Amino acid sequence: MEDEPPPQGVSAKALEATLLSALKMLDVGKWPIFSLCSPEEIKLIRQACVFGSAGNEVLYATENDEVFVLGMNCSGCLGTGDMQSTIEPRRLDSLCGKKIACLSYGSGPHVVLATEEGEVYTWGHNAYSQLGNGTTNHGFIPCQVSTNLVNKKVIEVACGSHHSMVLTSDGEVYTWGYNNSGQVGSGSTANQPIPRRVTGCLQNKIVVNIACGQMCSMAVVENGEVYVWGYNGNGQLGLGSSGNQPTPCRIAALQGIRVQRVACGYAHTLVLTDEGQIYAWGANSYGQLGTGNKSNQSYPTTVIVDKDRVVEIAACHSAHTSAAKTQSGQVYMWGQCRGQSVTFPHLTHFACTDDVFACFATPAVMWRLLSVEPDDHLTVAQSLKKEFDNPETADLKFLVDGKYIHVHKVLLKIRCEHFRSVLNNDDEIIEMSEFSYPVYRAFLEYLYTDNIRLPPEDAIGLLDLATLYRENRLKKLCQQTIKQGICEENAIALLSAAVKYEAQQVVA
């Protein structure tokens, strides 16, 4: 059956470009700040969070559980002990080996991090006590927050602009920091310098998920009810009013609907139900509610995302952007996208919601701590390299100095003119006595890898082989190896070889 033609009005090149851009979205390199890292450094990253007023700070953890930071370092938010910006990754020794479980950040910025052990660390801007250490002094290094959290295991963290919230494994919520609108849920508007448990309506409830808008807070309890508190000037609490709420209050309009997750934008809110539906409310000047208009909503409103079941929602308190992923893997975005207002969920070519924030949010920050799966896909070159001297797949053996080297006839014929003319299909073992085992092995490995690995003294023998087989590129590599390895002890022997093989690069 023939392939279906591209849809009318869409060129094959445009489709190809879309596919390629989707493929490129698989690593952290889509965030501009990672252009400061080398490809080798990026390959080692397993967790990352880009934050800051312009997406100009990042913390990342490597496959070895080392933690590094990079960027502007506003208010000491990199945790390096100073306020110096850096374009070179700097290691945070105090967090290495801690195994990060979750991370969030505020607008100051300040950072709140929880480890897999459930410990909480904070640092950065602290003018409103958002670090939870009882002071208003900026924190230049990560410090553990222990007040009222001793013997508690924190499993989730969230930050508003200048307040912080954590969820413990036993379903309790603790808050601290800026409280001008009641966002810490204490019943007053006084800033809270240390973590205190949020009680009131949550006193006997088990909370399973938390989120913060700029100046509001949300909690989902195990029966699917949603409780909200804090600033409500845009209706972001979903209570049908615009008055602030200093203590947790249940959203009555969601009665009978079981909510699983909540996500907060700058001043809007999204929830995901157990049936895979989205409800949204709050500010809508950029269409971030996905309702098709730009009118604020103070009650939960259904968001239509095709007919597919939604499995993930995404928003970030520093942006006016919304995103969702469906069960079939389709990713939608709406709200402020590259400065434009998208008022309906728009189907993208992305593979995950994180890509929406990398490419379209302002600023280009992460909405969560991003986990990067190691790329197990091997390129053609990597696959060939892996198969060198593999007896399980080889169909030919060279016997040199009593040792076997396992290779593949077809590759040798493709890569070397000499073998194309001398190899026969019925060859199984070929004895080689003209060259030593290290030299011949290095030659065969070169055919698989395009590189040579052997000491300069053996490179003389390989140069002899390259000359005999008329492998000019290999000759040049041998000459470079010999030249780089010249020292007092071997200078005469190596230079003699250079003269013998007319190796201009060596004697130059």
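Below, the figures for the structure above:
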quantity	calculated
Residue that is surrounded by fewer than 16 Cβ atoms within 10 Å (Cβ to Cβ), basic (Lys, Arg) and modelled with pLDDT of 95 or more, where the choices are 307, 294	294
Index of the failed condition, residue 396 passing every other in (1) within 24 Å of residue 466 (Cβ to Cβ); (2) in contact with a helix residue (DSSP H, G or I) (Cβ under 6 Å, 6 or more places away or on another chain); (3) in contact (Cβ under 8 Å) with a residue 60 or more places away in the chain	(3)
Qualifying position, being in the same structural domain as residue 368 (by TED's automatic domain parsing), modelled with pLDDT of 95 or more and part of a loop (DSSP other than H, G, I, E, B), among 183, 214	214
Selection status of residue 42, touching a Gly at 6+ places or on another chain (Cβ under 8 Å), farther than 26 Å from residue 158 by Cβ, surrounded by 14 or more Cβ atoms within 10 Å (Cβ to Cβ) and in the same structural domain as residue 123 (by TED's automatic domain parsing)	yes
Where a residue in region 143-158 is farther than 22 Å from residue 77 by Cβ and its partner, wherever it lies, is assigned to a strand (DSSP E or B) and among the aromatic types (Phe, Trp, Tyr), with Cβ under 8 Å and at least six apart	148/174; 152/174
Region 147-172: number of residues that are at pLDDT 95 or above and either of a type in the set (S, T, N, Q) or assigned to a loop (DSSP other than H, G, I, E, B) (or both)	14
Residue match in region 187-201 (condition: of a type in the set (A, V, I, L, M), modelled with pLDDT of 95 or more and in contact with a Phe, Trp or Tyr (Cβ under 8 Å, 6 or more places away or on another chain))	yes
Extreme residue, surrounded by the fewest Cβ atoms within 10 Å (Cβ to Cβ), among residues of region 232-286 that are of a type in the set (D, E, K, R) and either touching a residue at least 40 places away in the same chain (Cβ under 8 Å) or in contact with a strand residue (DSSP E or B) (Cβ under 9 Å, 6 or more places away or on another chain) (or both)	274
Residue that is small (Gly, Ala, Ser) and part of a loop (DSSP other than H, G, I, E, B), where the choices are 298, 285	285
Positions within region 272-288 being among the polar types (S, T, N, Q) and out of contact with any helix residue (DSSP H, G or I) (no Cβ under 9 Å at 6 or more places or on another chain), in sequence order	277, 284, 285, 288
Selection within region 442-452 - out of contact with any Phe, Trp or Tyr (no Cβ under 9 Å at 6 or more places or on another chain), under 19 Å from residue 485 (Cα atoms) and in a loop (DSSP other than H, G, I, E, B)	451
Single residue of region 402-441 satisfying the filter (surrounded by 18 or more Cβ atoms within 10 Å (Cβ to Cβ) and assigned to a loop (DSSP other than H, G, I, E, B)) that is farthest from the chain's Cα centre (by Cα)	435
Entirely in region 68-140, the strands (runs of 3 or more DSSP E) that have 2 or more residues that are hydrophobic (A, V, I, L, M, F, W, C) and outside the structural domain of residue 365 (by TED's automatic domain parsing)	100-105, 110-115, 120-124
Those residues of region 120-138 which are in contact (Cβ under 8 Å) with a residue 12 or more places away in the chain, within 23 Å of residue 70 (Cα to Cα) and not small (Gly, Ala, Ser), in sequence order	120, 121, 122, 123, 125, 126, 130, 131, 138
Residue list for region 294-339, filter: closer than 18 Å to residue 234 by Cα and among the acidic types (Asp, Glu)	none
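The values are calculated or read from the model by the stated rules, or taken from the named source; none is laboratory data. Remember, predicted model here, so these are calculated numbers, not experimental data. Neighbour counts are summed over all protein chains in view; Cβ atoms, including those assigned to glycine, are modelled from backbone coordinates with ideal geometry.
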